[in-house]
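The values are calculated or read from the model by the stated rules, or taken from the named source; none is laboratory data. Note that the structure is predicted; figures quoted are calculated from it, not measured. Quick reminder, even Gly has a Cβ in these numbers, built from the backbone with ideal geometry, and neighbours come from all protein chains shown.
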Amino acid sequence: MSTKTDVVMLIVYALGFYGMLASGILLGDYFRVVSLECASCWGSNVDIILYRSYHEFLGIPIPAYSMAFFVVFMVLGSLGQMGKLERKSVFKLVTVFSLLGLVVGMYLIYVMAFMLREVCWWCLSMDLALALLLSFSVLEMHKRY
């Protein structure tokens, strides 16, 4: 077991945890459990983004999907760290899931930029986490396999 690979698995877990946390914050705002007043001081109006017709898919809020999606990365990082799943499989799955997430993220960025004309910094930070996950997994696969 390589220490460097362990660090990469820890990074996969940490980015998954961050994405789950950010999704949870947006979900809390969606259900009015948490208020994201601070988002307005960044030049963003999260309410416009969360409460338009783009906030749900099949009747479920988008942040709920992203929360579950990022939990998958946490599970993959944990399984890879514990050796319960072959590392090559972990990196392949992280690559596939992060690409899928980035495709959806690019569509949502399009919606924010051109349809709503508002920016959700939490959402963009989750897209950055997905891009980092993709980068780490592709680099790790390229180096090792």
In the range 2-10, is there at least one residue being over 26 Å from Phe114 (Cβ atoms), outside any helix (DSSP H, G or I) and at pLDDT below 85? yes
Could you check the range 107-124 and list, in sequence order, the residues that are in contact (Cβ under 8 Å) with a residue 60 or more places away in the chain, closer than 18 Å to Tyr18 by Cβ and in contact with a Phe, Trp or Tyr (Cβ under 8 Å, 6 or more places away or on another chain)? Trp121
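From the list Phe114, Phe136, exactly one residue is among the aromatic types (Phe, Trp, Tyr), surrounded by fewer than 15 Cβ atoms within 10 Å (Cβ to Cβ) and either in contact with a strand residue (DSSP E or B) (Cβ under 6 Å, 6 or more places away or on another chain) or in a helix (DSSP H, G or I) (or both). Which is it?
Working: Phe136 fails: surrounded by fewer than 15 Cβ atoms within 10 Å (Cβ to Cβ).
Result of the check over Phe114, Phe136: Phe114.
Just to be sure, is Leu128 touching a residue at least 12 places away in the same chain (Cβ under 8 Å), within 13 Å of the chain's Cα centre (by Cα), surrounded by fewer than 17 Cβ atoms within 10 Å (Cβ to Cβ) and part of a helix (DSSP H, G or I)? Even if it seems obvious, please write down each step before you answer.
Numbers: touching a residue at least 12 places away in the same chain (Cβ under 8 Å): no; within 13 Å of the chain's Cα centre (by Cα): yes; surrounded by fewer than 17 Cβ atoms within 10 Å (Cβ to Cβ): yes; part of a helix (DSSP H, G or I): yes.
It is false that Leu128 is touching a residue at least 12 places away in the same chain (Cβ under 8 Å), within 13 Å of the chain's Cα centre (by Cα), surrounded by fewer than 17 Cβ atoms within 10 Å (Cβ to Cβ) and part of a helix (DSSP H, G or I).
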